[in-house]
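Step one of this worksheet: look at the structure below.
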Amino acid sequence: MSQNMQSTTNTVEYSNLRIKGDVSVERIELNDIEEFDSVIILMGPTGSGKSCFLEALNSRSDAGPLGIAKDQLESITKEVQGYRVHNVVNTFLEGYINIIDTPGFANPRLSELQVLGGIKNWRNGCNQGDIIRALYFHPITEIRMPSSKRDCMETLKSFWSLYNTPTVTLVTTMWDRLIPEKRASAEERFESLVADHWGWSKHGSQESLKFENTFESAMSILDYAHVRVRRREDLPKVEGYGLAKPNTGMLLIEELLRDRIDRLHQERQRIDDNLRYPSNQENAELIEILNKNREDALALLEKFTSELETYTLEKQGKLASGSSYRTPGNTQNPLPSPSLPLIIDQPPDNSRYLSPSALASRPPSQLALPLSLEHMRTFSTSLELQGDEHQRNNMPSQAQKQSLFSQSKHWLKAHLPRGFTKLS
């Protein structure tokens with residue numbers, strides 16, 4: 001037997017998989033996945049090692065690396081992509097094993113809303129009992145759990161739901177990067193991660209595994225992902241983008257998207273301040289960099305705002321049932337961005353409309369109503385005439401007030417970004 005053949009022959013026996021030959025991984029189209037195939041969805045923050053897992057599975061292929069794992073901060077995976085593992089089959093159904101690689105959470109250019117929009121149908125299939133599993137990747141090299149990584153994990157829990165808890169496995173990565181002296185502290189972090197952050201609830205079980213960035217380690221994780229699971233039918237199934245948070249009534253992905261938009265407004269304001277600073281205007285190279293950064297911020301701001309508008313319309317039921325529309329994960333049949341403005345967290349009522357005198361008494365930092373002068377006159381006039389029955393009957397509808405209010409919000413954000421905050 002040749003040396004190459006010896007290196008590619010796998011002699012390990014697995015509980016849930018059967019090896020038919022040399023293992024390799026090939027990129028496929030998502031519509032190539034068949035009914036009795038198993039599907040493994042890779043999820044996790046950007047740079048957590050999802051693509052390295054695929055490369056490790058493919059490491060014994062004669063075709064060479066897939067070329068998808070790069071040691072950099074920004075994710076290479078820009079959209080949901082399918083892969084098929086050749087010569088490995090599920091022992092129960094003998095179907096193909098397919099892996100869905102997803103863009104990472106906490107990606108500065110891709111929202112969590114867009115990432116989840118591309119895999120909602122797979123999660124719904126998991127609800128129906130299909131052989132669909134999720135592997136959530138987390139780097140063990142993180143000394144502390146930053147808020148961004150915590151939000152990623154909470155996003156997964158909300159999206160995948162308690163009902164599907166037994167189908168999700170935590171995979172910690174980058175163990176191969178640890179020097180021997182750091183291994184003990186990493187083991188402590190692993191125990192803390194599982195105990196303090198990963199446990200969803202007392203319902204079901206959540207397994208936690210270690211990926212050593214080797215073929216054998218990847219195959220062991222793939223084998224475990226095919227363990228037959230039992231789910232409690234009394235637990236709720238989740239559709240859409242997950243469950244709303246009890247304290248806010250808002251989905252975490254919506255909060256994260258709104259945070260992105262707010263941060264981009266702040267970034268644009270900082271750039272504008274730097275562009276106006278007299279000493280900076282004498283530095284042509286710096287001005288060029290600032291203008292490029294401003295252009296990038298505005299492009300992302302437009303992108304995320306459009307996503308939020310579309311999501312809000314979908315949530316509010318403004319789009320006709322069954323009609324084709326663009327969601328963050330569907331670019332096959334796009335429509336232009338909705339012309340309606342953003343819907344604010346709490347629709348305004350008459351008690352929220354302040355007269356010009358009331359507005360004048362508040363400092364800019366406490367303004368809650370982002371109105372232009374013309375809009376302020378419109379609203380204050382309507383309020384002053386509320387005592388008259390005729391005028392009250394002719395007041396604009398709630399939908400009209402909502403639209404006008406939201407347009408005013410955009411006006412103020414464009415002209416006075418620092419003066420827009422919520423009432424404390």
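The values are calculated or read from the model by the stated rules, or taken from the named source; none is laboratory data. Bear in mind the structure is a predicted one, so any value in this text is a computation, not a measurement. Note that each Cβ is placed from the backbone with ideal geometry, even for glycine, and that neighbours are counted across all protein chains shown.
For residues that are under 19 Å from Ser111 (Cβ atoms) and part of a helix (DSSP H, G or I), tally how many sit in segment 239-295. Give the steps one after another, and end with the answer.
If we filter segment 239-295 for residues that are under 19 Å from Ser111 (Cβ atoms), which is where we start, we get 240-245, 248, 250-268.
Narrowing the set further to residues that are part of a helix (DSSP H, G or I) leaves 252-268.
So the answer is 17.
Taking strands (runs of 3 or more DSSP E) as the structural unit, those lying wholly within segment 132-210 and holding at least 3 residues that are among the polar types (S, T, N, Q) and either at pLDDT 85 or above or assigned by the TED database to the domain that holds Lys50 (or both) correspond to 168-173.
With segment 32-128 as the region, which strands (runs of 3 or more DSSP E) entirely inside it contain at least 1 residues that are in contact with a His (Cβ under 7 Å, 6 or more places away or on another chain) and either under 20 Å from Glu142 (Cβ atoms) or in the same structural domain as Ala299 (by the TED database) (or both)? Steps first, answer last, please.
Numbers: elements: 38-43, 81-90, 97-101.
Output list is empty.
From the list Ile97, Ile143, the one residue that fits, being surrounded by 17 or more Cβ atoms within 10 Å (Cβ to Cβ) and either over 19 Å from the mean Cα position of the chain (by Cα) or not small (Gly, Ala, Ser) (or both), is Ile97. Here Arg232 passes the criteria (1) under 20 Å from Ser38 (Cβ atoms); (2) charged (D, E, K, R); (3) touching a His at 6+ places or on another chain (Cβ under 9 Å) except the one numbered (1). Count of segment 128-159 residues, restricted to those that are within 15 Å of Val229 (Cα to Cα) and not β-branched (Val, Ile, Thr), is 6. Please determine whether any residue of segment 158-174 is touching a residue at least 40 places away in the same chain (Cβ under 8 Å), under 20 Å from the mean Cα position of the chain (by Cα) and exposed (fewer than 15 other Cβ atoms within 10 Å of the Cβ). So far as segment 158-174 goes, no, none of its residues is touching a residue at least 40 places away in the same chain (Cβ under 8 Å), under 20 Å from the mean Cα position of the chain (by Cα) and exposed (fewer than 15 other Cβ atoms within 10 Å of the Cβ). Testing His226 on (1) modelled with pLDDT of 80 or more; (2) surrounded by fewer than 15 Cβ atoms within 10 Å (Cβ to Cβ); (3) touching a Leu at 6+ places or on another chain (Cβ under 9 Å), one condition comes back false. Which one is that? For His226, the failing item is (2).
Give segment 3-21 a look and list any residue that's in a loop (DSSP other than H, G, I, E, B) and modelled with pLDDT under 80, or say none. Full working, then the answer.
Initially, segment 3-21 is screened for residues in a loop (DSSP other than H, G, I, E, B), giving 9-16.
Once the filter is applied, which keeps residues that are in a loop (DSSP other than H, G, I, E, B) and modelled with pLDDT under 80, segment 3-21 yields Thr9, Asn10, Thr11, Val12.
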